Amino acid sequence: MKKKLPGLLLISLLSLSFNASADKAILAGGCFWCMEADFEKLTGVTSVVSGFTGGILQNPTYSGNHTSHYEAVEISYDPTKVSYKKLLDYYWQHIDPFDAKGQFCDKGPSYLSAIFVASEQERQIAEQSKLQITKEFPNNKVVTPILNTSVFYPIKGKESYHQDYYKSNPIRYKAYRWNCGRDKRLKAIWGEKQAATDHVEKTANYSKPTQAELKQKLTPLQYKVTQKSGTEPSFKNEYWDNKQAGIYVDIVSGEPLFSSSDKFKSGTGWPSFTKPLAPQNVLEKEDRGFFGVRTEVVSNKASSHLGHVFNDGPKPTGLRYCINSASLRFIPKQDLEKEGFGEYKKLFKD
C-alpha cells in the first residue's frame, strides 16, 4: 500500500514545480524583432530568443510553413530583479492589446498578441494583469488571450539571422519599425511614459553605496527607512503635500521611481502614487509583519525600502503606492536635464 505524501510536503513539491519555470516567459506581440529589441532593454532580463509557438506544426520555419503558430519570444529573466508581474506590465506597454487582426502594420494569425502561461500561478498573475488593462481602458476590448504554454521553436539554422536582428541590421530594422508605425501607435495608446521608460534602464549606472557611505550620505531617518524598513511620521515628511511637477528617484541609488503626474492626495499623510514611473525599478515583496500580510515595495538596484502598495487607489489603476518621503529625492522638471534625466522632460508640458 502506497503512503500518501503529507500535505505540507505536497504543497512544497508543487511550489517547486511552479518555480522551475519562473525564470522564463513566452510572449507574442507581433514582429519578434521588435519584441526582442524591447525586452532586451529591460533590467533583469538575461536573454530573449525569437521563435514560434502555439501551433500544431513541428519545426516551423520563417520562410516556409509556420501556419497556426504565433511569432513569439522566449524571455529568460532573473526573478530577483524583475518579477513575472513586472514583465507583463512592461509587455502591455509594448503591444496594441486591442488589435484583433495582428499588430501594427503586420496582420494575420501569426502576428496576434498572446500571453503563454506555464503554471496556474502564472495564469492568475496574467489574468489580474489583463483585468487591470481592461479597467484602464473601459471603452476598448482587450483581445490578447492567455494560453497554455506549448512547445517553443527558436529560429535557427539558415534563418538564425532573425535572432538579434535589430543589432545586426540596425538600419533595416529602424526603417521597418518606423514604417510599420509601431512606436506611433504605442505612443497613442500609452502616452509619453512608455517611450520614457523604454530606453533608460539598461544604460543608467545605478548602484548602492557601501553601508559606511550610506551612513555618511543619509540622515538617520533616511537610513532607518531605506535600510531598516522603517516608517516616517505621516503629515510630517517632506513630500506628502508636494505639488511641484517632476520625478521622484531613490535617495540611495538615484533610480527613477515615480512621477508627479501620477501623484494624488490620499489623505494618509504620505506621498501616494497610482503607479510607478519605471515599473522595472519598483519591485514587490510579501511583508508579514505586525499589520498582517502586506505588499512591500523596494527599489530594484539598491533594494531600498520605499513603502507599500494597496488596492484602494483611484482610477485608472486602482492602486495606491504609499511611499516614505525619506526614501525619495525630488527632481523638479526644470532640473531634469542637468540631473541626467532629460528623457523625462517630455512628460511635462508647460
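For the reader, a short list of remarks on this structure follows.
- Entry remark, the stretch 231-251: residues being within 26 Å of the chain's Cα centre (by Cα) and small (Gly, Ala, Ser) number 2 in total.
- The set of residues in the stretch 238-262 that are buried (at least 21 other Cβ atoms within 10 Å of the Cβ) and either free of Cβ contacts under 8 Å to residues at least 40 places away in the same chain or outside any loop (DSSP other than H, G, I, E, B) (or both) comprises GLY246, ILE247, TYR248, VAL249, ASP250, PRO256, LEU257, PHE258, SER259, SER260.
- Test: SER304 is crowded, with 20+ Cβ neighbours inside 10 Å, closer than 14 Å to ARG329 by Cβ and either modelled with pLDDT under 95 or not assigned by TED's automatic domain parsing to the domain that holds GLN132 (or both): yes
- Enumeration of residues in the stretch 302-338 that are of a type in the set (D, E, K, R) and in a helix (DSSP H, G or I): LYS333, ASP335
- Of all the residues in the stretch 138-159, those that are in contact (Cβ under 8 Å) with a residue 60 or more places away in the chain and either farther than 24 Å from VAL48 by Cα or touching a Pro at 6+ places or on another chain (Cβ under 7 Å) (or both) number 1.
- Single residue of the stretch 83-117 satisfying the filter (among the β-branched types (Val, Ile, Thr) and crowded, with 23+ Cβ neighbours inside 10 Å) that is nearest to TRP178 (Cα to Cα): ILE95
- The set of residues from the stretch 63-83 being of a type outside the set (A, V, I, L, M) and over 17 Å from GLY102 (Cα atoms) comprises SER63, GLY64, ASN65, GLU74, SER76, TYR77, ASP78, PRO79, THR80, LYS81, SER83.
- Of the strands (runs of 3 or more DSSP E) lying entirely inside the stretch 1-104, those containing at least 3 residues that are over 21 Å from VAL143 (Cβ atoms) and either at pLDDT below 90 or in contact with an Asp or Glu (Cβ under 7 Å, 6 or more places away or on another chain) (or both) are 45-53.
- Criterion: out of contact with any His (no Cβ under 9 Å at 6 or more places or on another chain) and either crowded, with 22+ Cβ neighbours inside 10 Å or closer than 21 Å to LYS130 by Cα (or both) - qualifying residue of ASP312, ASP335: ASP312
The values are calculated or read from the model by the stated rules, or taken from the named source; none is laboratory data. What you see is a predicted model, and the numbers here were worked out from it, not measured in a lab. Using ideal geometry, Cβ is built from the backbone for each residue, glycine included, and neighbour counts are taken over all protein chains shown.
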